Amino acid sequence: MNETSVAPAPVAAPPVRTRVRLPGVVYPVAGLVVTVFVWWLITSVFRWANPVVLPPPQDVLRNFNTNRDFVLKGTLVTSLEVVVGFLISSAAGFLIGLVLAGSRVLERMFSPLLVAINAVPKIAFGPMLVAWLGWGQPPIQFMIFVMSFFPVVLATVTGLTRTPSELAEMARSLDASRRQMFVKVRLPSALPQLFIGLKLALPLASVGAVIGEFQAGDAARPGLGSIILQTLGQGDSATAFGAFVLIAGTTIALYYVVVGAERLLLPWVRATTER
């Protein structure tokens, strides 16, 4: 009796899962919606927070509409302060880092001093700033500088002194000059680290602007920090909290400008680290 063999049925290939890619703007908008919803639940539904301490989002929005021109002018003042101070501190931080990275002796001499300056509570400078620089922009810009320059210095030194050894050896084998080594190898390899420092420094610049306005703000051109002090003194916590929200919003917008510049100037970084 002959046995007939039955061929096994072919195994179906597993379905290919297609990953849905949403536009990048969807994620921060979704995070914002969730945050505002939780805020509304805490303040309006469960009433876990005193409205004086944490006003509901609808009160913040209503007071913003009432004082729109006043608050928007303050937003423009603070945003300009942050941009100018950030550019100054970034340029100065890069130059300081360049000098320290080029000399081991100078790095050993002045790195502890820079760490000490960064460790000093910046609010302690407030009373002295008015005595040294008066009121208005000079003390505010000084506060932004001392708040935000150190991450740029540290990132510059780290990036310029951590050049991949294979790139350095290849440049030496091609008899590259010191200038060519810096321009073609060391600086490009340091740029990703430098942008990390810039992204750390930007929020600190916003903090420095607000602290500077707390201590030496110009009453003729009040920024958001001055508005916070003024409205809290009047018991208007909703407008003050709206100023907090605007500080956060403008900082996020400026942060993404830096991120966009990084993607534009360093396309190879995104190509090699894309998730």
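List of remarks:
- In this entry, Val82 is excluded by the filter for residues that are hydrophobic (A, V, I, L, M, F, W, C) and modelled with pLDDT under 90.
- Taken over segment 1-53, the criterion of being small (Gly, Ala, Ser) and either surrounded by 10 or more Cβ atoms within 10 Å (Cβ to Cβ) or modelled with pLDDT of 65 or more (or both) is satisfied by Gly24, Ala30, Gly31, Ser44, Ala49.
- Matching helices (runs of 4 or more DSSP H) fully within segment 176-275 where at least 3 residues are open to solvent by less than 50 Å² (accessible area, probe 1.4 Å): 187-216, 224-233, 237-265
- In the set (1) touching a residue at least 60 places away in the same chain (Cβ under 8 Å); (2) in a helix (DSSP H, G or I); (3) open to solvent by 70 Å² or more (accessible area, probe 1.4 Å), Thr156 fails one condition alone, (3).
- Total residues in segment 57-78, condition free of Cβ contacts under 8 Å to residues at least 40 places away in the same chain and surrounded by 17 or more Cβ atoms within 10 Å (Cβ to Cβ): 1
- Here Ile144 passes the criteria (1) without any contact (Cβ under 8 Å) to a residue 60 or more places away in the chain; (2) under 25 Å from Leu194 (Cα atoms); (3) open to solvent by less than 80 Å² (accessible area, probe 1.4 Å) except the one numbered (1).
The values are calculated or read from the model by the stated rules, or taken from the named source; none is laboratory data. A quick note: this is a predicted structure, and the numbers were derived from the prediction, not measured. Don't worry about glycine lacking a Cβ; one is built from the backbone with ideal geometry, like all the others, and counts go over all protein chains shown. The area values use the complete protein model at the heavy-atom level, side chains included, leaving out ligands, DNA and RNA. Shrake-Rupley method; radii C 1.70, N 1.55, O 1.52, S 1.80 Å.
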